[in-house]
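Undergrad: Attaching a single structure in C-alpha cells format; questions to follow.
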Amino acid sequence: MKKILILTSVFCVLTFLLQAQDINKIINAKEVEKIEKVLSSNEMRGRKTFTPDIDRAADFIASEFKKTGLHYWTGLNSYKQDFFMLESTNTNTAATVDGQNIADSLIAVVSFQPKVSLTEKNTEVLVITSSDDFRKKYVEAISSKKNLLVLVDAAFSSFAKRLKGRPQSKFEQPENSIVFVFGISKATHFSIELTNNINKKSLTNVVGILPGKSKPNEYVIFSGHYDHLGIGKPVNGDSIYNGANDDAAGTTAVIMLAKYYKKLNNNERTLIFATFTAEEIGGFGAQHFSKQFHPEQVMAMFNIEMIGTESKWGKNSAYITGYEKTDMGKILQSNLEGSGFTFYPDPYTTQNLFYRSDNATLARLGVPAHTISTSKMDNEPNYHKVSDEIETLDMNNMAEIIKSIAISAQGIISGKQTPTRVDTKSLR
C-alpha cells in the first residue's frame, strides 16, 4: 500500500511539472504585463462606469477574446453583452418634520420617480438607532417596496455625505421612494417633496465562451470586473484612479485563462469568460449576467479580484472567500499537490467579502461561486487610491497565481470533479 501511495504522489508531482512546462509558454509575467499595462493605463482614465473610458476597455477586452478565438455567448453577435439601467439623481428636496425644516445636508434620497410627495399618510417610518448595524439596516431599507422615511441616529452622520448626491442605479423603475434623514429620532408629522432626474443608461459586460465537448450545458465561469473609479480629486497632481489591482488584475487573469484553455482545447464543460461592468457601483454587471441562465447549470464560478499584490502569507498563495461554504477550495488545493502553491480560507471574514464581490449573486442561488484574491484588506495601501498603478504590482507572482488557478481548475472543467453547492438556507 505504501508503495502505491508513493507512486501516486510521484505521478501527481510529475503531472504538475508537465503541465507547468506547457503553461509557462502561455501564462508568464511578460504576457500578463502586456494585458495589465493596457487596462490600467492612463489612457483608460480609470474605466469609470457610464463613461467613454470604460467603453475603450470593453473594446480592448473584446479584441483579446477575438484573437483568442472564443465563441459568442448564446444569442449575441459580438462579445458585448449590452443592457440598460436607470440612473436617478436627486436634484431638489424640501423636508419638514414636526414643523422643523431639515437641512439639505442631512438628507439622502433613493427614488426613481421624477416628482414625489411623502407624508405620514403614504409613508412608513423606520428608525436606525446608534446600536444598530447601519449597513445592514440600509440594505433592509433600500430593499423595501414601500415608501420609507428612515430616521438615522446622529452617530451615523458621516454616512450622510457618502449617500447624498450619489446616483442610484436599478434595472427597473420602482414606484416607492426612500428618504434618509440624519440626526432625528422621531417623526409624527412630516412633508417631503422630491425632484429627481431619471436617465436610461447603457452598460456592457464582455463575455466569451469555449463550448464544452461532452457536457456543453454544464458551465464553469471565470470572471472579474473591469470597471473602476475613473477621475477624482488630484493627489500630488495625479487624478486618475487606474485600478491596476482593482480589478485590471482580475480581468487580466480572465483573458490569460481564456488563452490557456483555448490552447488546451480539452474542456468537457463549457467555459464562460466574463468581465463585468458596474461592480464598483453595486455589482450590476454580474447581476444582469446571472439572469442569463439557470443557476443549476453552473458547476463553479472562479471570480478573480485583486491578485496583483502578495497575500498576507507571501508569494505563491491566495485566499478564497466563503471557503467553508463548499468543498471547492479543498478540490483546488488537492489538484495543486506538489506545486508549492496554497489556497487559504478568507482571513477577513468580518468584512463579508463573500457577499461584496461579483460571485455573490450566483452564490446566493446555490452556485459554488467564490472570489480568489490576495488583497490584504486590513492593510492594502493602494486600495481605491490614485496610487493603484501597475508599478505596485508583482507580475511574476501574479502569473503564478493565474497558473495555479488554471491547473487547479482542470478537474472541474473536465467534468471529473464537481464542487458541493452553497446551502442557500445558511445565507443571510
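The values are calculated or read from the model by the stated rules, or taken from the named source; none is laboratory data. Remember, predicted model here, so these are calculated numbers, not experimental data. Positions of Cβ are generated from backbone atoms using ideal geometry, with glycine treated the same way; all protein chains shown enter the neighbour counts.
Undergrad: Identify, please: which residue in segment 97-121 is polar (S, T, N, Q) and touching an Asp or Glu at 6+ places or on another chain (Cβ under 9 Å) and is, among those, surrounded by the most Cβ atoms within 10 Å (Cβ to Cβ)?
TA: Residue satisfying both the conditions and the ranking: GLN113.
Undergrad: Here is a follow-up. Look through segment 359-376, keep the residues that are aliphatic (A, V, I, L, M) and assigned to a loop (DSSP other than H, G, I, E, B), and return whichever of them is nearest to GLN417 (Cα to Cα).
TA: It comes out as VAL367.
Undergrad: Among the numbered criteria (1) at pLDDT below 95; (2) part of a helix (DSSP H, G or I); (3) within 30 Å of ASN42 (Cβ to Cβ), which single criterion is violated by THR350?
TA: (3)
Undergrad: Please pick out the residue among GLY308, GLY282 that is surrounded by fewer than 24 Cβ atoms within 10 Å (Cβ to Cβ) and over 16 Å from PRO368 (Cα atoms). Outline the logic, then answer.
TA: Numbers: GLY308 fails: surrounded by fewer than 24 Cβ atoms within 10 Å (Cβ to Cβ).
The unique qualifying residue is GLY282.
Undergrad: Follow-up. Checking the condition free of Cβ contacts under 8 Å to residues at least 12 places away in the same chain and small (Gly, Ala, Ser), which residue from GLY237, GLY230 passes?
TA: The match here is GLY237.
Quick grid of which residues meet (1) touching a Gly at 6+ places or on another chain (Cβ under 8 Å); (2) outside the structural domain of GLY183 (by TED's automatic domain parsing); (3) of a type in the set (Val, Ile, Thr):
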{"residue": "SER41", "(1), (2), (3)": "no, yes, no"}
{"residue": "ARG47", "(1), (2), (3)": "yes, yes, no"}
{"residue": "THR96", "(1), (2), (3)": "no, no, yes"}
{"residue": "ALA103", "(1), (2), (3)": "no, no, no"}
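Undergrad: Applying the selection to segment 91-116, what residues are in contact with a Phe, Trp or Tyr (Cβ under 6 Å, 6 or more places away or on another chain) and farther than 20 Å from PHE156 by Cβ?
TA: none
Undergrad: So, of the residues in segment 382-425 that are of a type in the set (D, E, K, R) and closer than 22 Å to VAL367 by Cβ, which turns out to be farthest from the chain's Cα centre (by Cα)?
TA: To start, the set of residues in segment 382-425 that are of a type in the set (D, E, K, R) comprises 385, 388-389, 391, 394, 400, 403, 416, 421, 423, 425.
Now narrow it down to the ones that are closer than 22 Å to VAL367 by Cβ: 416, 421, 423, 425.
On the way: LYS416: 28, ARG421: 20, ASP423: 21, LYS425: 23 Å.
Ranking the candidates gives LYS416 first.
Undergrad: Quick one: which of THR326, THR275, THR342, THR270 is crowded, with 21+ Cβ neighbours inside 10 Å, farther than 18 Å from VAL254 by Cα and among the polar types (S, T, N, Q)?
TA: Exactly one residue qualifies, and that residue is THR326.
Undergrad: Now for a separate question. When ASN379 is evaluated against the numbered criteria (1) free of Cβ contacts under 8 Å to residues at least 40 places away in the same chain; (2) within 15 Å of GLU305 (Cα to Cα); (3) assigned to a loop (DSSP other than H, G, I, E, B); (4) not hydroxyl-bearing (Ser, Thr, Tyr), which criterion, by number, is the only one it fails?
TA: (2)
Undergrad: If THR91 satisfies all but one of (1) in contact with a helix residue (DSSP H, G or I) (Cβ under 9 Å, 6 or more places away or on another chain); (2) not in a helix (DSSP H, G or I), what's the number of the condition it fails?
TA: (1) is the only condition that THR91 fails.
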